[in-house]
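Q: This structure is in structure tokens; I'll ask about it shortly.
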Amino acid sequence: LAKGLGKGGWQRYQSDLHTAMVQRLEMRTQLIEAIEGEQFVLQYQPIVELADQRITGVEALVRWQHPARGLLGPFHFVEAAEESGAIVGIGTWVLREALRQFAVWKAEDPSSTLRYVSVNVSPRQFRSPDFADVVRQALADTGARPEWLLLEITESLVLRDAEKVLADLKALRALGVRVAIDDFGTGYSSLSYLRQMPVDVLKLDKSFIDDILHSRQQHALVDTIITLAGNLDLAVVAEGIEESGQHAALDTMGCQYGQGYLFAKPLWPADIPARTQAASELAVLS
Ligand code: C2E
Ligand code: MG
Ligand code: MG
Ligand code: MG
């Protein structure tokens, strides 16, 4: 690579490398400061029962309230956090905050339709040696019940290191926590392979949902995955539902749960309780 650059090109290449390295280090420092300065916040996106649109769960989604750049979504920092290792600290904060908030919601409204909070776990966080202990401690400190927690992990994680992941998943399941495969379909795993893993939920990636109304193949594929998942006792959440036609099609295919802008965008915590009151209470109010 460097050979063809000539002298000036080589120096520019070196200085670009240097700049990139400095930027990575700065980002790492900023992320660690952000954890200490409590600059992270969570929004919660509802997950609904497709049959009646009742909210059964919420997914916690992290944002960075950056002092200079404003509110930043995960796209701006999660990859850098994963590379630098800062994701482990951020992930622990997310887990504890989501469980704390969820326990408050359940205490304030015991008849709330909410059954669980879904928390994204990065590969590096999942692989950290004490992850199961961090989960156990977070449950103990917040008073949250294990069945309130659904951990979202990625397919790629399950494919590598299968034996260690299997043991860790078993330890988590022994606590009573449930596990979902996030963005299912974007990796290369098969459903039969996944069935050997102790997971409870498949989150079918948005890219599969996007075309179901316009592509017969895509429709057939999603239909097949939903049927197979059902036979394997896996619950399915369809991600990224934006159109009512998609909702209707998925409902007809027997998909039980969905998430997407059609139902709700990620919301601030204060906006959740009014939407998760049991129907009888809503009737009394109106
Ligand atoms: P994800 O876990 O697949 O979360 C769903 C993402 O899709 C969210 O983006 C959500 O706002 C977006 N989304 C939901 N419904 C729709 C829809 O109908 N249309 C479209 N266009 N988008 C929709 P967000 O919040 O930007 O998060 C992006 C990704 O960042 C997440 O994808 C997840 O992989 C990662 N992430 C978020 N929070 C955390 C976290 O606390 N820890 C870790 N490790 N990763 C996180
Ligand atoms: Mg997710
Ligand atoms: Mg997802
Ligand atoms: Mg996704």
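The values are calculated or read from the model by the stated rules, or taken from the named source; none is laboratory data. Worth saying up front: this structure is predicted, and the values here are computed from it rather than measured. Reconstructed Cβ throughout: ideal geometry from the backbone, glycine too, with neighbour counts over all protein chains shown. Please note that ligands, DNA and RNA were not included when accessible areas were found on the heavy atoms of the full protein model with its side chains. Shrake-Rupley method; radii C 1.70, N 1.55, O 1.52, S 1.80 Å.
Q: Summarise the accessible area of the range 219-273 (1.4 Å probe, protein heavy atoms) by the percent that is carbon and sulfur. Provide the component values of the computation, followed by the final result.
A: Values: 1320 of 2490 Å².
Roughly 53 percent, rounded to a whole number.
Q: Report the charge-dipole magnitude of the chain in Debye, nearest 20, computed about the Cα centre from +1 at each Lys and Arg Cβ and -1 at each Asp and Glu Cβ. Before the final figure, lay out each step's value.
A: Details: 27 positive and 37 negative charges, 144 e Å.
Dipole of the chain, to the nearest 20 debye: 700 debye.
Q: While we're here: Per residue of the range 127-138, what does 6.51 cos²θ - 1.76 cosθ + 1.60 with θ = phi - 60° give for ³J(HN,Hα)? Whole Hz please, x for Gly and Pro, Karplus curve as stated.
A: For the range 127-138, the Karplus-derived couplings read 6, 4, x, 9, 4, 4, 5, 4, 5, 4, 5, 4 Hz, x marking Gly and Pro.
Q: Work out from phi, with θ = phi - 60° and the Karplus expression 6.51 cos²θ - 1.76 cosθ + 1.60, the ³J(HN,Hα) of each residue of the range 71-78, listed in order in whole Hz, and give x for Gly and Pro.
A: 6, 10, x, x, 3, 7, 8, 5
Q: While we're here: Roughly how many Å is it from the Cα centre of the range 26-73 to that of the range 195-221, as a whole number?
A: The range 26-73 and the range 195-221 have Cα centres separated by 25 Å.
Q: Semi-axes, largest first, in whole Å: what does sqrt of 5 times each Cα gyration tensor eigenvalue give for the chain?
A: Values: eigenvalues 232, 124, 85 Å².
In descending order the semi-axes read 34, 25, 21 Å.
Q: Using a 7 Å offset from the Cα along the Cα-to-Cβ direction at both ASP16 and ASN231, what is the distance between the two label points in nm, to one decimal?
A: Each label point lies 7 Å from its Cα, and together they span 5.1 nm.
Q: Right, something else. If amide hydrogens are placed 1.01 Å from N in the peptide plane, which non-local residues have theirs closer than 5 Å to the one on TYR257?
A: Hits under the 5 Å cutoff: LEU50, VAL236, ALA238.
Q: What share of all Cα pairs of the range 44-125, in percent, falls into each consecutive 5 Å distance bin?
A: 3, 14, 20, 21, 16, 13, 9, 4, 1
Q: Oh, and also: How far is helix 216-231 tilted off the main Cα axis of the chain, in degrees rounded to 10, range 0 to 90?
A: Here the helix axis deviates by roughly 70 degrees.
Q: Cross-link candidates for LYS106: which lysines have Cα within less than 22 Å, leaving aside residues fewer than 8 places away along the same chain?
A: LYS265
Q: Same structure again: Quote the charge dipole size of the range 229-282 about the Cα centre in Debye, to the nearest 20; the model charges only the Cβ of Lys and Arg (+1) and of Asp and Glu (-1).
A: Values: 2 positive and 7 negative charges, 20 e Å.
The dipole magnitude comes to about 100 debye.
Q: Oh, and also: Can you give me the orientation-averaged projected area of the convex hull built on the Cα atoms of the range 175-286, in nm²?
A: Working: hull surface 36.9 nm².
So the Cα hull casts an average projection of 9.2 nm².
Q: Still on this structure, I have one more. For LEU42, what is the net charge nearby, where nearby means another residue's Cβ is under 9 Å from its Cβ and Lys, Arg count +1, Asp, Glu -1?
A: 0
Q: Right, something else. Given a cut-off of under 8 Å on Cα pairs at least six residues apart, what relative contact order in percent is computed for the chain? Let's see the in-between values first.
A: On the way: 426 pairs, mean separation 51.9, N = 286.
Relative contact order of the chain: 18 percent.
Q: Which loop GluC sites (Glu not before Pro) in the range 18-63, with loop taken from DSSP, have no more than 16 other Cβ atoms within 10 angstrom of their Cβ?
A: On the way: sites: GLU26, GLU33, GLU36, GLU38, GLU49, GLU59; in loops: GLU38.
In loop regions of the range 18-63 (DSSP not H, G, I, E or B), the sparsely surrounded GluC sites (Glu not before Pro) are GLU38.
Q: Of THR224, THR19, THR113, which has the largest mean-square fluctuation in a 10 Å C-alpha GNM of the chain?
A: Sorting by GNM fluctuation, first place goes to THR19.
Q: Quick one: dipole size for the range 141-286, taken about the Cα centre, charges +1 on Lys/Arg Cβ and -1 on Asp/Glu Cβ, in debye to the nearest 20. Working shown, then result.
A: Working: 12 positive and 21 negative charges, 57 e Å.
Charge dipole of the range 141-286: 280 debye, to the nearest 20.
Q: Gaussian network model of the chain, Cα springs within a sub-10 Å range: biggest mean-square fluctuation belongs to which of LYS203, LYS164, LYS106?
A: Residue with maximal mean-square fluctuation among LYS203, LYS164, LYS106: LYS164.
Q: So which lysines pass the test for LYS164, namely a Cα distance under 23 Å, with those fewer than 8 places away in the same chain ruled out?
A: In chain and number order, the partners are LYS203.
Q: Can you give me the long-range amide H partners of GLU59? Hydrogens built in the peptide plane at 1.01 Å from N, cutoff under 5 Å, separation of 5 or more residues or another chain.
A: GLN45, ILE47, SER118
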